[in-house]
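Take a look at the structure set out below.
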Amino acid sequence: MTDFVHLHLHTEYSLLDGAVRLLQVAPDPNDPKKTIKTHPLCDALKARGMDAVAITDHGNMYGVHTFVSVLRQDGIKPIIGEEFYVADDMYAKTADVLKQRYHLILLAKNMTGYKNLMKLSSLAFVDGFYMKPRIDLKHIREYSEGLICLSACLAGKVPHLLLQGKYEEAKAAAIEMRDIFEPGDFYIELQDHRLQEDKIVLNPLCQIAREIGVKVVATNDVHYIEKEEADIQDTMMCITLGCKKSEINGARFETDEFYLKSGDEMAELFGWCPEAIATTREIADKVDGDYFITKHASIIPKYTNEEMGDRDEAQYLRDLAYEGVKRKYGYINDEITKRLEYELGVIHKCGFDGYFLIVWDYVHAAQQMGIPVGPGRGSGCGSIVAYGIGITDIDPLKYQLLFERFLSEERVSMPDFDVDFCFVRRQEIIDYCIKKYGKDNVSQIIAYSTMTAKAVVKDVARVLDVPYNEAANWVKEIPAMGKPLLPQVLTEGSDFYSEDFKKIYDNNPTAKNVIDIAMKLEGMPRQTSMHAAGVVICADPIVEHCALSRNGPIVTTQFDKVIVEELGLLKMDFLGLKTLTDIDEALKLIKADKGIDLDFHKLGYEDHKVYELIASGDCEAVFQLESGGMKKFMAQLQPDNLEDVVAGISMYRPGPMQFIDLFLEGKRHPDQVQYAHPLLKEILENTYGCIVYQEQVMQIAQKIAGFSFGGADIMRRAIAKKKLAVLEQQRDIFLHGGKLEGDKTGKYVPGAVANGVSEEIANHLFDQILKFASYAFNKSHAAAYTFLTYQTAYLKCYYPTHFIVAVVNNRITNADEVKHYMNYLRRTGVKTLSPDINRSQKNFSIEGENVRYGLMGIKNVGEQAMEYVLSERAQNGPFKDIRDFLDRCAGQVNKRMIESLIKGGALDSFGKTRATLMASYERIMDTVLADKKNKLSGQMSLFDELIEDEEIKYTETEEYPKSDILKYEKEVLGMYLSGHPLDDYRDDKHEFDFDTSMLFVEEADEDGNVNMAVDKNLENKQVKFGCIVSSAEKKVTSKQQKFAVGRVEDRSGSIAFSMYPRAYEKYGELLLADAPLKVVGKIDLRDESEPKISIEKLELWKNSDAEVKHAEPTAKKSNGILYVLVFNNVEKDMVADVLAMHPGNTPCQAQVKQNGVSKLMEFSQRVEICPDLLSRLEDVLGVNRVKYVERK
């Protein structure tokens, strides 16, 4: 077996290019319900007898940490490297230099080399990025210490020049690179992938190496592990390039030689140059394989500010805590002092004083800047220190929240304060941290999107030219819940097993081929993005610990959040929460409209009317309570205090839902609740005998069995793992005492029996803990978020219109949500007024008892343009007409925006029909722009002078039919305002049992975040409802049978439909009827992101109230003059011919210019002004020589 080390290898982190898997999750062959992690690269290396390997991904170090971790687990030496893109000047970013970049391999010998590798990789992204991350030799020279350089593949500069026949230039380039690195650390790379180009450059490369005194090294440009996987990698490349397998693309590999060859294969390939094989070992031996540490202790920046003076972090935190607690409670008693001293002691002993101060600092800064901050999130709300200094806003003593759920001596781990900010102003806090700690010390965090089951099947199918609808039907059978792996979906006994998907796989050869390939690609990183909340704050430049990348203009780490934390870097979560913005905007609206300042610190959380609102189920837009199920539950619960709402929210989740009846019974009859031991009443009284919170589990362990709270948290975590051996061990300690595994203090737990509790009762209590503990929720988090629930309910109770308008304004670009909430207001009797260019604000606004539609809610209305319009209106008054509007805003608004304003009714106040405005605006706009141009150039024609006292007005046109008005409103507003196509239609016979508002409900996840979710009870349910067809597309199956897909809508919303061949044959023509329909069909929820109805029957919806009245258009008497400018008799005759085609009562005058003389004449033919007339005249004379002027 030949000794050989692969030094040029692309893992899956050479995104959608490399297909070498480092880590792969697969179903456990012994238990289909479980998964295992495999190491494909390591397995292949061991099979080939190889003990070292390098990672050289394209332009990044994304995979380095995972690479080192898995290789060390398998006893293989990791060599960290990167294949760089090298430009002549990394700062040159013009089109002509786009392709002037070359490949170069750099490998780190030691920690110095690794740090330099990180700096170069970071520079390439942060400063050199131009389509690709690019570095240049100048910077490589600066950071060359500790690095080994290989001249790279055919895309390297030396081979590239050789292929052009430029031997001396190639040699010069090699010498330049050789001289950058320490003697003996530059190597000429030899590759042979059976490519003609490889053959051409091999001998010249060897000759250059001899002439400049460097060694050659053999590499294979490894992109996949086995030769048979060439097709898999090619498929992945096609996905990246957006091409099909049948198409030719130069970026795809020409041979199947780019695999992990054995040492013997490489030796045979380079038998003519054994030195090149031996050199691989020389390079591997140069590398220190142990310098990279995968797990570090926490690196917390030292906190300082001017106010601290000579106080250290611990003293400053202590002073802030005592001052804050006294301010919040108004006093400090023994209970408060004891809790404060205990927490401060633990915080200091664990070394987290600075951490608390860093969080306090940016929370305090946000408050000073007027940025809404949440009352708290997660277990940190259990800290009285955090409450005192203002990180949280919930009293841990009042609500019995435990500090040990957050931090304890028994289980020392990095605390984690997640802080919610107004989602609009979140970036301001990040900018504040950048300013305080330095731009090099603060970064956001990368995230990787992977190829998921459904997506990868669709991608592979597209590449293999499988019809989209066919692949879409396959993936419908993949479960939508959770994150299934394709092998799990195909494995009976798995939680994700789909019998229908398995049948497709077994019976359809095309599907089998697609799915087999997809399984190979599933789970690979597809692209990078940015973590939604994570921010790293470091004591020194982050690049000293982790390479940096870019996400647009924002700098991110190259490692994801898990690895960032393993490296010991301080990760903060700055979350953007819309609810905070909703509350803040509502308070501002109330202040502006009513002059009232609301302060929830003064108002408190005990208003009985608020709880009556919650109990009524009228919880639209109320945080965490908006789903249909939650509304119903609150109506059953009838909460009358905050503790009830906290408990209700905590229970309404999968798992604890099974105890809801028991909880409700206890609420209704608290005197009948039975407790297994008297000590439990104090702990469980607020939740009517049910264990709802993790904190209660900890309190029971402490009271009954003598655990410390920190030890109780260790027990709770152990129980949650549900391992039988662990459960029995915990039971024994709970009953009879002992030492907890993982307790760093080594404290002895006395146990329940030693505390005087009988073994029978203690066993029963532990069974109760097991029953509830798996589902128990974090009370600290639930209580904090319930503060926001109460605040939104209060605003909904006392200021419903202001609150809903605030909610809408924070979702103004989401037409569906705007429609949803405006429909709610309509149902409560609040009218939505049409947008108005002279009355509307940028956002929706309160106007008396009604709501005025906001201009930014109109499609195609740009924010910058609208801000200019509003500024102009504020400075110079309302717009008189469309000419005035265009005169004052020309250059800021475009035709598409004007058209949308007209369609949405925003220009109705000008007193003209929308059809008139639509027929006139382009000509008026062109005239305005031409006039401005002429005035700027100082040129005015006699034609302009003759009519300068006349204002150009409109082409009077009959208003659109109601159906068109509504269609245009829906197009640009996302909703109907002046009516609805179904306004005159009623379910007189009570036939309907469904409308689209029933499709989605809002559900809270375990963190309390509210998301829209499909009502799963509707799956496969047959329904009947009334609707109109929004869109319909006829299609043909592979058997040439016709079917249709599209969308239908009712007053509440819309739903996608499919009409299969049998139904289409009977009812397909009705889809084109342009009339209301009655639909019978079954709800299809297989794709939860797009609920559908499978239409089985259609019929026209006839209704006695729906008489459509078509009035004959009547010609309006014109009160204007049509002017034209002609230069000769030929043009005059052509104009006369056009005028004769449009007889009417409007006079037409011509300015005739001949022989330097200009005169005005009137045509005998009078005309009807219409778009066709004006268009024809403009075709003959040009836009600027036709003007219609309406007389005043």
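The values are calculated or read from the model by the stated rules, or taken from the named source; none is laboratory data. Keep in mind that what you see is a predicted model, and the values were worked out from it rather than measured. FYI the Cβ positions are ideal-geometry reconstructions off the backbone, even for glycines, and counts take in every protein chain you see.
Summary table below
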item	result
Residue ranges of helices (runs of 4 or more DSSP H) in segment 687-752 with at least 3 members small (Gly, Ala, Ser) and either closer than 20 Å to residue 378 by Cβ or outside the structural domain of residue 342 (by TED's automatic domain parsing) (or both)	709-720
The one condition in (1) in contact (Cβ under 8 Å) with a residue 40 or more places away in the chain; (2) within 30 Å of residue 329 (Cα to Cα); (3) within 33 Å of the chain's Cα centre (by Cα) that residue 627 fails to fulfil	(2)
Matching residues, segment 121-137, being in contact with a helix residue (DSSP H, G or I) (Cβ under 6 Å, 6 or more places away or on another chain) and outside any loop (DSSP other than H, G, I, E, B)	122, 123, 134, 135
Lone qualifier among 678, 670, 654 - being outside the structural domain of residue 402 (by TED's automatic domain parsing), surrounded by fewer than 21 Cβ atoms within 10 Å (Cβ to Cβ) and modelled with pLDDT under 85	654
Residues that are in a loop (DSSP other than H, G, I, E, B) and free of Cβ contacts under 8 Å to residues at least 40 places away in the same chain, drawn from segment 676-686	678
Test result for residue 445, modelled with pLDDT of 90 or more, touching a strand residue (DSSP E or B) at 6+ places or on another chain (Cβ under 8 Å) and under 30 Å from residue 700 (Cβ atoms)	no
Segment 774-826: number of residues that are of a type in the set (A, V, I, L, M, F, W, C) and touching a Cys at 6+ places or on another chain (Cβ under 6 Å)	1
Condition met for residue 395 (among the charged types (D, E, K, R), assigned by TED's automatic domain parsing to the domain that holds residue 327 and either in contact (Cβ under 8 Å) with a residue 40 or more places away in the chain or buried (at least 18 other Cβ atoms within 10 Å of the Cβ) (or both))	yes
Any hit, segment 337-360, residues being within 30 Å of the chain's Cα centre (by Cα), in a loop (DSSP other than H, G, I, E, B) and at positive phi	no
Residue within segment 240-261 that is among the β-branched types (Val, Ile, Thr), more than 20 Å from residue 190 (Cα to Cα) and in a helix (DSSP H, G or I) present	yes
All positions within segment 401-417 that are surrounded by fewer than 20 Cβ atoms within 10 Å (Cβ to Cβ) and either among the acidic types (Asp, Glu) or within 10 Å of residue 780 (Cβ to Cβ) (or both)	409, 416
Any hit, segment 828-841, residues being out of contact with any Gly (no Cβ under 7 Å at 6 or more places or on another chain) and within 16 Å of residue 585 (Cβ to Cβ)	no
Helices (runs of 4 or more DSSP H) within segment 498-587 that include 3 or more residues at pLDDT 95 or above and polar (S, T, N, Q)	none
Considering residues of segment 924-965 that are of a type in the set (S, T, N, Q) and assigned to a helix (DSSP H, G or I) only, the residue modelled with the lowest pLDDT	937
In segment 467-488, the residues that are under 14 Å from residue 523 (Cβ atoms) and surrounded by fewer than 20 Cβ atoms within 10 Å (Cβ to Cβ)	483, 487
Filter result (within 44 Å of the chain's Cα centre (by Cα) and buried (at least 22 other Cβ atoms within 10 Å of the Cβ)) within segment 191-217	191
Matching residues in segment 909-923 - criterion: being within 14 Å of residue 883 (Cα to Cα) and either at pLDDT 95 or above or of a type outside the set (Ser, Thr, Tyr) (or both)	910, 911, 912, 917, 918, 919, 922, 923
Filtered residue count, segment 74-101, keeping only those that are under 20 Å from residue 564 (Cα atoms) and either outside the structural domain of residue 132 (by TED's automatic domain parsing) or of a type outside the set (Val, Ile, Thr) (or both)	3
Selection status of residue 465, of a type in the set (D, E, K, R), in contact (Cβ under 8 Å) with a residue 60 or more places away in the chain and not in a strand (DSSP E or B)	yes
Selected residue [outside the structural domain of residue 955 (by TED's automatic domain parsing), at negative phi, at pLDDT 85 or above and of a type in the set (Gly, Ala, Ser)] from 1111, 1106, 1115, 1150	1150
Single match in 105, 140 (criterion: in a strand (DSSP E or B), at pLDDT 95 or above and either of a type outside the set (Ser, Thr, Tyr) or under 30 Å from residue 77 (Cα atoms) (or both))	105
Qualifying positions in segment 795-845 - polar (S, T, N, Q) and out of contact with any strand residue (DSSP E or B) (no Cβ under 6 Å at 6 or more places or on another chain)	801, 809, 810, 813, 814, 823, 828, 834, 838, 841, 843
Candidate set: segment 1129-1163, residues that are surrounded by 15 or more Cβ atoms within 10 Å (Cβ to Cβ) and of a type in the set (D, E, K, R); chosen: the one nearest to the chain's Cα centre (by Cα)	1131
Index of the failed condition, residue 297 passing every other in (1) in a helix (DSSP H, G or I); (2) over 17 Å from residue 230 (Cβ atoms)	(1)
Lone qualifier among 119, 166, 132, 115 - being surrounded by fewer than 24 Cβ atoms within 10 Å (Cβ to Cβ) and either under 27 Å from residue 208 (Cα atoms) or more than 38 Å from the chain's Cα centre (by Cα) (or both)	166
Restricting segment 264-315 to residues that are closer than 30 Å to residue 562 by Cα and among the small types (Gly, Ala, Ser), the residue that is nearest to the chain's Cα centre (by Cα)	298
Search result, residues across segment 1-48 that are closer than 26 Å to residue 186 by Cα, assigned to a loop (DSSP other than H, G, I, E, B) and touching a Gly at 6+ places or on another chain (Cβ under 7 Å)	2, 3, 4, 10, 13
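Matching residues to (1) assigned to a helix (DSSP H, G or I); (2) touching a helix residue (DSSP H, G or I) at 6+ places or on another chain (Cβ under 6 Å); (3) buried (at least 22 other Cβ atoms within 10 Å of the Cβ); (4) among the basic types (Lys, Arg):
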site: 754; (1), (2), (3), (4): yes, no, no, no
site: 763; (1), (2), (3), (4): yes, no, no, no
site: 768; (1), (2), (3), (4): yes, no, no, no
site: 775; (1), (2), (3), (4): no, yes, no, no
site: 785; (1), (2), (3), (4): yes, no, yes, no
site: 792; (1), (2), (3), (4): yes, no, yes, no
site: 796; (1), (2), (3), (4): yes, yes, yes, yes
site: 802; (1), (2), (3), (4): yes, yes, yes, no
site: 812; (1), (2), (3), (4): no, yes, no, no
